[in-house]
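So the structure is just underneath, and the comments pick up after that.
Coordinate-derived values only; no laboratory data. Nothing here was measured: the structure is a model prediction, and the numbers come from that model. Every residue, glycine among them, receives a Cβ derived from its backbone with ideal geometry; neighbour counts consider all protein chains shown.
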Amino acid sequence: MTSSIATHLPAAVAFSTASVPAEGLLSLAWLLVALPLAGAATLLLVGRRADAWGHWLGVLASAASFLVGFAMFIALLGRPADDRIVNLHLFDWIPAGNLNVEAGLQIDPLSLTFVLLVTFVGTLIHIYSVAYMEHDVDRRRFFAYLNLFVAAMLVLVLADSYLLLFVGWEGVGLVSYLLIGFWFQSTANAVAAKKAFIANRIGDLGLLIALMLMFATYGAVDFTTVLGGVDGVSQGTLTAIGLMLLLAACGKSAQFPLQSWLGDAMAGPTPVSALIHAATMVTAGVYLIVRSGPIFDGAPDAQLVVVIVGAITLIFGAIIGCAKDDIKKALAASTMSQIGYMILAAGLGPIGYALAIFHLVTHGFFKAGLFLGAGSVMHGMGDQVNMRQFGALRTYMKATYITFAFGWLAILGVPPFSGFWSKDKIIEAAFVGEGWRPWVFGTVALLGAGLTAFYMSRVFFMTFFGAKRWNDGHKTRPGTALSKQPVQHPHESPRLMVWPMIVLAIGSAALGGLLSIGNVFQTWLEPVTGHVEEHEPVLAVWLIMTLTLALVAAGLWLAYVQYAKAPVPVVVPVGSVLTRAARKDLYQDDVNDALLVEPGKYLTRSLVYGDRQVVDGAVGGLGHIMVRLGEVVRRSQTGYVRSYAAMMTVGLVALVAVVLATRI
Amino acid sequence: MSLTNYLVLASLLFAIGASTVLLRRNAIVVFMGVELMLNATNLLLVTFARMHGDLSGQVIAFFVMVVAAAEVVIGLAIIVQIFRTRRSASVDDVNLLKS
């Protein structure tokens, strides 16, 4: 389908719209990054003295950044569409011979969309965390990291060159490590943080290689040169760069085959999961691919790989989500699957870029809402995450129930909730094209919608519907398995936690519809993603929509029958082969262990052995010989002046004798 | 007088000086041995200067004397100092470098 689209849209795609230098309000864009960065620095440097007020400083820094971003948005709206790509030069960063990198920010509709999403959702999560982390002694450190996370993500999306983007990319990776391992006192959490970091490193390697390829090809790494000069570059080079960028995106966005870290990343506090999944981390891969659109447009092979990766991850995540009993891990699997949708859309070429970002924005709202809801449930249930021990919570936590329901309906794609507008468009776009591709990818996207409906409804019904499966202290029969559980007193969370959830729920309900009126979101992104004509899918639009809704309804009904009508067993049933595989993340960890970890360990062990025996043996042996030699020679040093004099005399006589002997 | 006589005398003097240095323990006596060796060399220098009718050998002998005089001054000062601190003039007692 990529090639057919390319013929439809020759050079009409206005990617390389000339950028204009920043002036007036827009030249203050550096404040976007500086504010949260200053917040993080203050909180980390002032230390324990800031414990009393540090969290509010963190909220303030994030909120101020949002306000600056909103002002930028207004300023950008005031310009004609062609002038909306603004560059702000900050300083000469690396003036090194051929490579001359300037640090600068690019403010355009795409980066500003991210800025608004990251700072708005980020601020809500900050506020939520004030209450959620209230009893944690390290709350100040937590807020410092949150601010740093926002700052790193803003560097990533605002950078005007791939190198500065890489700085933000690494920053995001580092902070995710710090936050996933926030409760590092438990080994499992520290291991999860390490796993996320290492999986990300593999992706980072891809970005590094892409950077080197760009420098070798263009002699520069800034967006204007690289993306504007695509025409003069061979398709092979573009494919190589594209594939490396995809590897980077796979690491950061938890796409197949680098997705294994995402489930374990649930070890962090719940607001961190919300932040990672909605705004600051896994979205970076989608951003990278959409930003690098011209490269992928010039490399149809790489584009096809992007779509395949997206399609695999979409189904992969959905299957895993169907079997997880841990509420956070089920949500993590759903993120994997939804990001799969976005990557798939981004791989479809120009028709998909705006849709990928659109779904990213709506997903940011409902996924953040769902995670904050899950955090609220955990808050009320004594940090229990096993959904088999929830049930009937809707009467105990009304606000959480209602806001979670909004997020649930949105992710299902039930009209008129946000997810319907974005996901349905992606499914439609997946059906556009010629040959086998629309049929395969369209079907996958369609099936994904049904699976999503099933596993998200499963989460929803297991948590809020059905019978109580927790120990409420008085009605539980003594001696049963239930009575051995700690007594739960489910209660609604404090207001500071509920309000952010309500705001996100409103976003989940209305944002998608509002932004779809007259295609306002696509028009807004056009200066970056290019203008796209309408395309006819291989199936009629109404048929696709009906099929999608029918599958969603089927998934929902199935989950209702299984998890709301029928009793849910507290003890995990054995399940089918597929269920057991899905519980173990489809054996991804085992595959990684067998293919990479064990050979790696073996290699390390043999290297250690070689080092001990060969290198240490040689060095140590030489030293040993020298010691022995020294012991022998030392004997001649008696310390008596006369013996030295005797030696000199003997030596002199010997010398004279030799001289004389040679003369004669 | 033949050259051989001078050479034998100088060699004898040098051998006596060298044995004194190597065998005696008293620092003063060792010093005297050194002086003996220097004077044996001086004797040879003067002898050869005379034989060749060249004055440079005698000039060098003067240099040796001057240097020897300076050396005696410093050497005796050191010996006196060692004697004062260690109450001994034996060269075998001065073996601190060994340990």
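Some values worked out for this structure:
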{"item": "Surrounding net charge for A:F390, when Lys and Arg each add one and Asp and Glu each subtract one, Cβ distance under 9 Å", "result": "+3"}
{"item": "Extent along principal axes [Cα atoms of the range B:4-86; Å; largest to smallest]", "result": "50, 24, 9"}
{"item": "Placed amide H near A:A159: partners under 5 Å, 5+ positions off or other chain", "result": "A:Q106"}
{"item": "Long-range HN-HN contacts of A:V101 with modeled amide H, under 5 Å", "result": "A:W93, A:I94, A:A96"}
{"item": "Simple label model, 7 Å out from Cα along Cβ direction - A:E492 to A:V597, nm", "result": "4.4"}
{"item": "In sequence order, calculated HN-Hα J values of the range B:50-65 (Karplus, 6.51, -1.76, 1.60; Hz; x Gly/Pro)", "result": "5, 4, 8, x, 10, 7, 4, x, 5, 4, 5, 4, 4, 4, 4, 4"}
{"item": "Pair-distance profile P(r), taking every C-alpha pair of the protein assembly as shown, with 20 angstrom steps and integer %", "result": "15, 38, 17, 7, 13, 9, 1, 0"}
{"item": "Interchain or long-range residues, amide H under 5 Å from A:D326's placed H", "result": "A:M387"}
{"item": "Of all DSSP beta bridges in chain A, antiparallel share, percent nearest 5", "result": "85"}
{"item": "Whole-number percent relative contact order across the range B:4-86, with pairs defined as alpha carbons under 8 Å at least 6 apart", "result": "25"}
{"item": "Ranking of A:Y128, A:Y145, A:Y177 by count of other Cβ atoms within 10 Å, fewest first", "result": "A:Y177, A:Y145, A:Y128"}
{"item": "Integer Hz, Karplus 6.51/-1.76/1.60 couplings in order for the range A:101-107, x for Gly and Pro", "result": "9, 9, 8, x, 10, 10, 9"}
{"item": "Structure-based [θ]222 nm, chain A - -39500 (n - 2.57) summed over DSSP H runs of at least 4, per residue, nearest 500", "result": "-22500 deg cm²/dmol"}
{"item": "Sorted by Cβ density within 10 Å, fewest first, the residues A:E23, A:E170", "result": "A:E23, A:E170"}
{"item": "Positive-end extreme of charge dipole, the range B:4-86 - chosen from B:A18, B:A68, B:I82 (charges on Cβ)", "result": "B:I82"}
{"item": "Spacing of the two label points (7 Å from each Cα toward its C-beta) at A:L28 and A:A657, in nm", "result": "9.7"}
{"item": "Set of the range A:243-286 residues, backbone N closer than 16 Å to the point 7 Å along the Cα-Cβ line of A:L208", "result": "A:244-245, A:247-249, A:251-252"}
{"item": "Gained length - A:D51 relative to A:A392, 0.36 nm times residue gap less alpha-carbon distance", "result": "119.0 nm"}
{"item": "Packing-based exposure ordering (other Cβ within 10 Å, fewest first) of A:R495, A:R139, A:R635", "result": "A:R635, A:R495, A:R139"}
